[in-house]
1. How many of the residues in region 199-233 are open to solvent by less than 50 Å² (accessible area, probe 1.4 Å) and either in contact with a Ser or Thr (Cβ under 7 Å, 6 or more places away or on another chain) or at pLDDT below 95 (or both)?
2. Of all residues being crowded, with 19+ Cβ neighbours inside 10 Å, of a type in the set (S, T, Y) and in contact with a strand residue (DSSP E or B) (Cβ under 8 Å, 6 or more places away or on another chain) in region 86-104, which is nearest to K3 (Cα to Cα)? Just the residue, please.
3. Identify, from the list T274, T268, the residue that is surrounded by 23 or more Cβ atoms within 10 Å (Cβ to Cβ), touching a His at 6+ places or on another chain (Cβ under 8 Å) and not small (G, A, S).
4. Exactly one of (1) over 12 Å from the mean Cα position of the chain (by Cα); (2) touching a residue at least 40 places away in the same chain (Cβ under 8 Å); (3) crowded, with 24+ Cβ neighbours inside 10 Å is unmet by A107. Its number?
5. Looking at Y265, is it closer than 30 Å to E39 by Cα, modelled with pLDDT of 95 or more and of a type in the set (F, W, Y)?
6. State all residues of region 210-224 that are closer than 14 Å to A281 by Cβ and without any contact (Cβ under 8 Å) to a residue 40 or more places away in the chain; if no residue qualifies, say none.
7. Restricting attention to region 98-150, which residues are under 18 Å from Q72 (Cα atoms) and among the hydroxyl-bearing types (S, T, Y)?
8. Can you name every residue in region 46-68 that is open to solvent by less than 60 Å² (accessible area, probe 1.4 Å), within 15 Å of T11 (Cα to Cα) and among the polar types (S, T, N, Q)?
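The values are calculated or read from the model by the stated rules, or taken from the named source; none is laboratory data. Not measured: the values here are computed from a predicted model. Quick reminder, even Gly has a Cβ in these numbers, built from the backbone with ideal geometry, and neighbours come from all protein chains shown. For the accessible areas, the whole protein counts, side chains as well, though only heavy atoms, and no ligand, DNA or RNA atoms are used. Shrake-Rupley method; radii C 1.70, N 1.55, O 1.52, S 1.80 Å.
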Amino acid sequence: MGKTKIIVDSTSDIPVDWLKKYDIDVVPLHIVWPDGESEPDNVRSESELNEFYKKLENIEAIPTTSQPSVLQFKEAYERVINEGYDSILVLTISTKMSGTFNSASLAASEFDIPIEVVDTKMASAIISNMARYARELLERGMDVKEVARKVREERENDRFHAIFYVSDFNFLVKGGRVNRVTGFVGNLLKIKVGIFINDEGEMIPFDKARGFRKAYDMILSKMEEEGIKIGQKIGIIGVHCNAKSNIDEMLKLIKERYDVEYFEYTNTGKVISTHVGLGMAGFGVEVLK
């Protein structure tokens, strides 16, 4: 049986130890600061991310972000092939949020080995949940084409959910990733705006809450509304932008209601942090059959 490498882009906010555990590589997007300076979204250590968060907190104009180039993906594929892999599965951020899928697909067309590129219609840590599931399928003996089909199918069947809140809704509005919705002006003191990613791969505000306890209840209610039944077996990644204590508090509540088979923490990387702002906290949830 051949070897398959899984590649994600940096918006997957993948837990660092999962890179080795599930044999995953990352292709970075880029941050472009208002002064024109560009840097790759490839810092994963908590201390360096904390420095980035401080910079983000104090800057007047929000940085922009750019997708990886076709050349970046070609170089990633070549590196993987040189390491002895004979097929590649690529999981990218939703095409509604980035052109990353197009870059990955154009690069794939130049290679003879099987390269399957999947538009996850997701963003942030839930892509990591999807990569974990894909590795599980590969280890069961499925080929890369079957795995890509199964991941798409399970995305449509609501196996995967991205639910979180932001503490400063203006980041998402200014970054152009959500439209300003009447009733969702979230820049008032202590207002948390709940966001989920819908079936089309768009970030949609669904509710707002004042204070942390109500924000936690908002997230739990949305999990049920999305069909994640109380008592169900789930796997979750808690993702946050400088708000780990809020993940801890929500995790306690989730564990009271659900059978949590696996849990990991992760920080938002540079690109996701730029769009969601400091204080974001939430979960990538995989419903386990």
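1. 6
2. Filtering first and then ranking leaves S87.
3. Values: T274 fails: touching a His at 6+ places or on another chain (Cβ under 8 Å).
Result: T268 is the single residue among T274, T268 that is surrounded by 23 or more Cβ atoms within 10 Å (Cβ to Cβ), touching a His at 6+ places or on another chain (Cβ under 8 Å) and not small (G, A, S).
4. Only one criterion in (1) over 12 Å from the mean Cα position of the chain (by Cα); (2) touching a residue at least 40 places away in the same chain (Cβ under 8 Å); (3) crowded, with 24+ Cβ neighbours inside 10 Å is unmet by A107, namely (2).
5. Working: closer than 30 Å to E39 by Cα: yes; modelled with pLDDT of 95 or more: yes; of a type in the set (F, W, Y): yes.
When the stated conditions are applied, Y265 passes them.
6. G211, F212, R213, K214, Y216, D217, L220
7. S98, T100, S103, S105, S109
8. Listed by number, the residues that qualify are T65, S66.
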